[in-house]
Amino acid sequence: MNQRTRSFSRELLLRKEMEHMSPRLKTFLSEPIGEKDVAWVDGISYELAINLVTKGFDKAYILLGQFLLMHKNEAEFQRWLICCCGATEHEARESSTCLKKWCSYFL
């Protein structure tokens, strides 16, 4: 399989996968993280965003950095969000999935 065929195949898989994503997750994954506020991360509620900002996690890339420091370990990241930031289990699961998918698309 040549490079062009692999690229096309990957593109088709990504499109198919995105059909089953929430609009918020699609939006987050549609471009590099840049200077997006932490509230852009799928699964982060208004209340959780406030908690994160007060702890210094005001940008999505800072939260991503925490996820990467935990070696992309979703369970560890979720425990940290719940214990240290007041996330619900649902919020923790959604946001870790969002960051994991972003990593697979852009790293």
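The values are calculated or read from the model by the stated rules, or taken from the named source; none is laboratory data. Keep in mind that this is a model prediction, so the values were computed, not measured. Every residue, glycine as well, gets a Cβ built from its backbone with ideal geometry; the counts of neighbours run over all protein chains shown. Just the protein is used for accessible areas: all its heavy atoms, side chains included, with ligands, DNA and RNA removed. Shrake-Rupley method; radii C 1.70, N 1.55, O 1.52, S 1.80 Å.
Worth pointing out:
- Amide H partners (placed H, <5 Å) of K59, local residues excluded: V38
- Placing a label point 7 Å from the Cα of T97 along the Cα-to-Cβ direction, the residues of segment 55-79 whose backbone N falls under 15 Å from that point are 74-75, 78.
- Segment 63-107, accessible area per residue, ligands and nucleic acids excluded (1.4 Å, Å²): 53 Å²
- Residues L69 and R24, FRET efficiency given R0 of 22 Å [Cβ-Cβ distance, rounded to 0.05]: 0.35
- Tensor-based shape of segment 10-107 (alpha-carbon gyration tensor, a/c under 1.5 rounded, otherwise prolate or oblate): prolate
- Computed packing ranks the peptides 64-71, 28-35 as 64-71, 28-35, most packed first, by mean other Cβ atoms within 10 Å.
- Under 13 Å, Cβ to Cβ, from N73 - net charge with Lys/Arg +1 and Asp/Glu -1: +1
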